[in-house]
1. Anything in the stretch 225-238 that is within 16 Å of ligand 1 (Cβ to nearest atom) and either hydrophobic (A, V, I, L, M, F, W, C) or in contact with a Ser or Thr (Cβ under 7 Å, 6 or more places away or on another chain) (or both)? List them, or say none.
2. Can you say whether Gly170 is of a type outside the set (A, V, I, L, M), in contact with a Gly (Cβ under 7 Å, 6 or more places away or on another chain) and within 11 Å of ligand 1 (Cβ to nearest atom), as far as the supplied structure shows?
3. Please work out which one of (1) modelled with pLDDT under 95; (2) more than 23 Å from the chain's Cα centre (by Cα) is the condition Gln464 fails and give its number.
4. Collect the residues in the stretch 414-461 that are over 23 Å from the mean Cα position of the chain (by Cα) and β-branched (Val, Ile, Thr), keeping them in residue-number order.
5. Tell me, which helices (runs of 4 or more DSSP H) wholly within the stretch 93-209 include 3 or more residues that are over 30 Å from Thr305 (Cβ atoms), modelled with pLDDT under 95 and more than 22 Å from the chain's Cα centre (by Cα)?
6. The conditions are (1) within 12 Å of ligand 1 (Cβ to nearest atom); (2) without any contact (Cβ under 8 Å) to a residue 60 or more places away in the chain, and Thr383 fails exactly one of them. Which is it?
7. Within the stretch 133-148, how many residues turn out to be surrounded by fewer than 19 Cβ atoms within 10 Å (Cβ to Cβ) and out of contact with any His (no Cβ under 7 Å at 6 or more places or on another chain)?
8. Looking only at residues that are of a type in the set (Ser, Thr, Tyr) and within 19 Å of Tyr361 (Cα to Cα) in the stretch 261-316, which one is surrounded by the most Cβ atoms within 10 Å (Cβ to Cβ)?
Amino acid sequence: MIDKVHDESRQGEAFAATLPEGLLPQKHFYIESYGCAMNFADSEVVAAILMEHGYGATTQTELADLILVNTCSIREKAELTVRKRLTEFKQYKRAKPDLIVGVLGCMAERLKSKFLEEEKLVDIVVGPDAYRSLPALVAEANGGQKAVNVLLSRDETYADIAPIRLNSNGVNAFVSIMRGCNNMCSFCVVPFTRGRERSRDAYSIVQECKALFNDGYREVTLLGQNVDSYHFIDEKNNLEISFAKLMEMVAKISPMLRVRFSTSHPKDITDEVLFTMQQYENICNYIHLPVQSGSSRVLQMMNRTYSREWYIAKVNRIKELLPDCGLSTDMITGFCTETEEEHQESMSLMEYCKYDLAYMYFYSERPGTLAARRFEDDVPLETKKRRLQEMVALHRQHSLLSMQKDVGKTFKVLIEGVSKKSDEELYGRTDHNKVVIFPKANFKKGEYVMVKVDRCTAGTLFGQAIH
Ligand code: SAM
Ligand code: SF4
């Protein structure tokens, strides 16, 4: 099953956008994005800023006057991919000496001006809170000056910028509701690269979702590193808006608009959120609840602030209030000092939760994080990888089981487009975010259709539409 929030297939994707009518750009930018959905959403903000300044988007590197790479730092591999990609841009610079190459996002924030020293090809380095200054930085670079802005902000949310939807299927969109993170999970670089947590104005979020709905979109995913700690104070009306309240405001736009959200931190997801999910049919019955480890000792070292038992109680509560709720997770194998028994605890937790979907990684030490400073990265790489393989194999059984349980059932499917494999078939998603493929008939993208599932693979459901 493919989850759009962490979509491996989108890594390095280049963006195309349709220009507002009547605009004939003098210059073109090319932007490629890596990492999580937040980064992809940020690239849409960057596109809006650049288009406002007369740039057009291109998916052809050789046509670009400005090449941007929106980077990820979460694991070493993500950074290596970007470094390799940068070397490939050398040929374009050789062919077009006034081409500007810029690095955006988490790697820019982590490495700052060091990037300019290490990668001679790079002209500008821009952190996630400094995108408004991008046109000025490009102008500086055009004048021959390398330019850096990696200032983190306590209040930047880009609330007033209407993102330009890039590579959109016109059905689902990501909407950023907050930025940064105040948690200090010891393995994680995000608090250092994306700064303090801040919530975006609730009314600007609702407005963006309404505009999307009016443009034909039928699904929004509300994005934040920790959505359950969303908190906005409407000073004018003396109102406090929690995540549950915000979700309700978005759900009320129309029953035809599906609402998803990611990511929920187990310590912060409240009953209020679960009750709101119960109340609105268009809030999808699916929660991404990363656990990271099944061992209380490891969880403590990770600074996740909950124990195995606490997490299990949370899962039980979810199943009690939302018996049909889909559940997914993130897991890390081979964190500092993790023993074989503790790895087995992670496996048994997975057995207990039987996740519909799991993102599993082996631990990758990130410079500057609490874990890098405090603990030795002492689990050998082969052991980390072997544990990961075992976990992936176990999860494969669970995800197949989860798909098999759906055979024979009928689901409301939101159609996202024509199946990649056949023009005669459409694909869409269930409430639980599972991909369903079925014959095209007269159905169209953006419509809801009831589909009876008759078979499955580990990643896809197949069925027939019920007329
Ligand atoms: N804020 C979200 C949360 O707390 O679940 C997700 C943050 S991160 C972008 C996505 C996932 O990457 C994490 O849940 C974690 O499993 C994984 N991750 C983060 N740092 C890592 C590291 N140093 N090594 C391996 N995996 C890591
Ligand atoms: Fe990283 Fe933890 Fe924040 Fe998620 S909650 S972004 S894992 S620090």
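1. Within the stretch 225-238, Gln225, Asn226, Val227, Asp228, Tyr230 meet the criteria.
2. no
3. Here Gln464 clears every test but (1).
4. If the condition is that a residue be over 23 Å from the mean Cα position of the chain (by Cα) and β-branched (Val, Ile, Thr), then Val418, Ile437, Val449, Val451, Val453, Thr457 are the ones that fit.
5. Those helices (runs of 4 or more DSSP H) span 114-118.
6. Condition (1) is where Thr383 drops out.
7. 9
8. Step by step, filter the stretch 261-316, then rank; the result is Ser293.
The values are calculated or read from the model by the stated rules, or taken from the named source; none is laboratory data. Note that the structure is predicted; figures quoted are calculated from it, not measured. Every residue, glycine as well, gets a Cβ built from its backbone with ideal geometry; the counts of neighbours run over all protein chains shown. Just the protein is used for accessible areas: all its heavy atoms, side chains included, with ligands, DNA and RNA removed. Shrake-Rupley method; radii C 1.70, N 1.55, O 1.52, S 1.80 Å.
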